[in-house]
Amino acid sequence: MSIEVVITGGAGRIAYALIPLILSGQVFGSTQKVSLRLLDVEFAAAKLVGIAMEIEDSNYELCAGLVATTDPQKAFEGVEVAILLGGYPRLPGMERKDLTTKNAEGMRDQARDLQAYGSSNVKVLVVANPANTNCLVAMKSAPQIPAENFTCLTRLDQERLRFFVASQANKSLASRGLSPSAQPSNVKGVAIWGNHSTTQVPYVDAATVVIDGNEQPATSFFVEEPAALDALVSGVQNRGAEVMKAQQASSGMSAANAIAAHLRDWLKPIDASSSSSDLEIFSMGILSNGNPYGVPDGLCFSFPLRRVPATGGFEIVAGLPISAKMQAQLDATVEELMGEIVDAATIVPSLVSKL
Ligand code: LMR
């Protein structure tokens, strides 16, 4: 059986980097066949044709079907996983929230079509910015799809954080005359809280770095240089803008890589007998209702999450230490999200009705 997957914004930069990951088994597994739909707007129709030809010429063994179309019905019919990239992209000098009203309408329409034509249990990943608020727009516009099936991408920020923590660990080790042997893959337990924006809260307080088989607190690498922690936070918050400034286009390859990791960690089948504490923490934006950290209900908010083997689902990791400084940062990201909702509600009024 193949899995039915749609990518909106299918002719764009992120899709171009994501398609090979999906069709080479790096997202849904090395033997899972994928029936892929690419949807884009009329303006990009010719480009879609070219991408479809490239997919054909790549002879992916896992490709069980391909539809490249500008017709939402054809794109969404029966889909089980929807990756919503389609929307106006951020341009240099803009904040992601400057796209709120521009992208709300398109997101509402994509979600309505998804509800009309897709599987009733379709899993939705919203990437188009502002990702958190767009995710809420999609959720509210498709109320027959379970709210817990909607997520937004903050994994790119988490991967950026992992890289920065490994770099700082190596700097600290070198300054002590030790071998700088930290790899990003040795960094565990980093997470992103809140909005995929400059108010996001990159979290290292509970993280560890495995050096030569020994797990060390990530914070131990900032002891000699506490200012490096603030620089790291700001570096992650502003990385998207830095990438855009450097290449005059927003992240494509790293975004695709993060989407693949997000979908893997969220959806891959897990052994019901595995121990929950052995599973890695990962971050996604989800509906905040009932969270254990006092974040108001009704937001799409990124939390540290962990899979629950017994149910196959996931849960928010509870009991993590929150400093007073971090609480103030969490309050700021909540406030920003609330402002985005007010803006988006001018286009999608249902956004301010109770979930
Ligand atoms: C990113 O973080 O790289 C993306 O959200 C693109 C952007 O606008 O920064």
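Keeping every protein chain in place, order Thr154, Thr70 by accessible area at 1.4 Å, biggest value first, i.e. largest first.
On the way: Thr154 0, Thr70 50 Å².
Greatest to least solvent exposure: Thr70, Thr154.
Per residue, how much accessible area does the chain show when a 1.4 Å probe rolls over the protein heavy atoms, in square angstrom? Intermediate results must be reported in sequence, preceding the final value.
On the way: 15460 Å² over 355 residues.
Accessible area per residue, the chain: 44 Å².
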Exercise. For the chain, modelled as a GNM with alpha-carbon contacts under 10 angstrom, which of Gly285, Gly312, Gly118 fluctuates the most?
Worked result: Gly312
Problem set entry | Cleavage-rule hits (GluC sites (Glu not before Pro)) in segment 190-272: DSSP loop, at most 11 neighbouring Cβ within 10 angstrom | Glu224
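Using Cα pairs closer than 8 Å and at least 6 residues apart in sequence, work out the relative contact order for segment 112-265, in percent.
Working: 205 pairs, mean separation 30.6, N = 154.
About 20 percent, as a whole number.
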Seminar exercise, completed: Between Val210 and Met326, Cβ-based FRET efficiency (R0 22 Å, step 0.05) works out to 0.35
For this session: Obtain the radius of gyration and the Kirkwood radius of the chain from its C-alpha atoms and give Rg over Rh.
Result: 0.96
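Is segment 75-166 rounded, prolate or oblate when judged by the Cα gyration tensor, a ≥ b ≥ c being the square roots of its eigenvalues, rounded requiring a/c under 1.5 and prolate requiring a/b larger than b/c?
Values: a/c = 2.44, a/b = 1.46, b/c = 1.67.
Verdict is oblate for segment 75-166.
Can you tell me which of 26-37, 78-89 comes out highest on packing, and rank the rest after it, using the mean Cβ neighbours within 10 Å? Provide the component values of the computation, followed by the final result.
Values: 26-37: 18.2, 78-89: 21.8.
The packing order, highest mean first, is 78-89, 26-37.
Contour minus end-to-end for Ala249 and Thr346, with contour as 0.36 nm per residue of separation and end-to-end as the Cα-Cα distance?
32.1 nm
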Exercise. What cysteines in the chain have no other cysteine with a beta carbon less than 4.7 Å from their beta carbon?
Worked result: Cys63
Problem set entry | Listed residue (Gln216, Ala249, Val236) projecting farthest to the positive dipole end of segment 202-298, Cβ model | Ala249
Exercise. Between the helical axis of 324-345 and the dominant principal axis of the chain, each derived from Cα atoms, what acute angle in degrees is found, rounded to the nearest 10?
Worked result: 20 degrees
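State the Kirkwood hydrodynamic radius of segment 199-265 in Å, one decimal place, computed from all pairs of distinct Cα atoms. Before the final figure, lay out each step's value.
Numbers: mean 1/r = 0.0702 Å⁻¹.
Hydrodynamic radius (Kirkwood, Cα only) of segment 199-265 equals 14.2 Å.
Given R₀ = 25 Å, FRET efficiency for Ser181-Asn238 by Cβ-Cβ distance, to 0.05?
Numbers: r = 28 Å, r/R0 = 1.12.
Plugging the Cβ-Cβ distance into 1/(1 + (r/R0)^6) gives 0.35.
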Exercise. What percent of all Cα-Cα pairs in segment 1-106 falls in each 10 Å bin, counting up from 0?
Worked result: 15, 46, 28, 10, 0
Seminar exercise, completed: For the chain, the accessible surface attributable to carbon and sulfur atoms (probe 1.4 angstrom, ligands and nucleic acids excluded) amounts in percent to 54 percent
For this session: With only Lys, Arg, Asp and Glu charged, each at its Cβ (+1 for the first two, -1 for the last two), find how big the charge dipole of the chain is about the Cα centre; round to the nearest 20 debye.
Result: 120 debye
Exercise. How long is segment 139-270 along each principal axis, judged by its Cα atoms, biggest number first, in Å?
Worked result: 58, 39, 23
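So what is Rg over Rh here for segment 1-60, counting just Cα atoms and using Kirkwood for Rh? Can you show the working numbers first?
Numbers: Rg = 11.3 Å, Rh = 11.8 Å.
Radius of gyration over Kirkwood radius for segment 1-60 works out to 0.96.
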For this session: Filter the cross-link list Lys47/Lys140; Lys188/Lys268; Lys33/Lys74; Lys97/Lys325; Lys97/Lys245 down to pairs whose alpha-carbon distance in this structure exceeds 28 Å.
Result: Lys47/Lys140
Problem set entry | Nearest 10 degrees, 0 to 90: helix 100-117 Cα axis against the chain principal axis | 60 degrees
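The values are calculated or read from the model by the stated rules, or taken from the named source; none is laboratory data. Since this is a predicted model, take the numbers as computed values, not measurements. Neighbour counts are summed over all protein chains in view; Cβ atoms, including those assigned to glycine, are modelled from backbone coordinates with ideal geometry. Remember, those area values only see protein heavy atoms, side chains included, never the ligands or the DNA or RNA. Shrake-Rupley method; radii C 1.70, N 1.55, O 1.52, S 1.80 Å.
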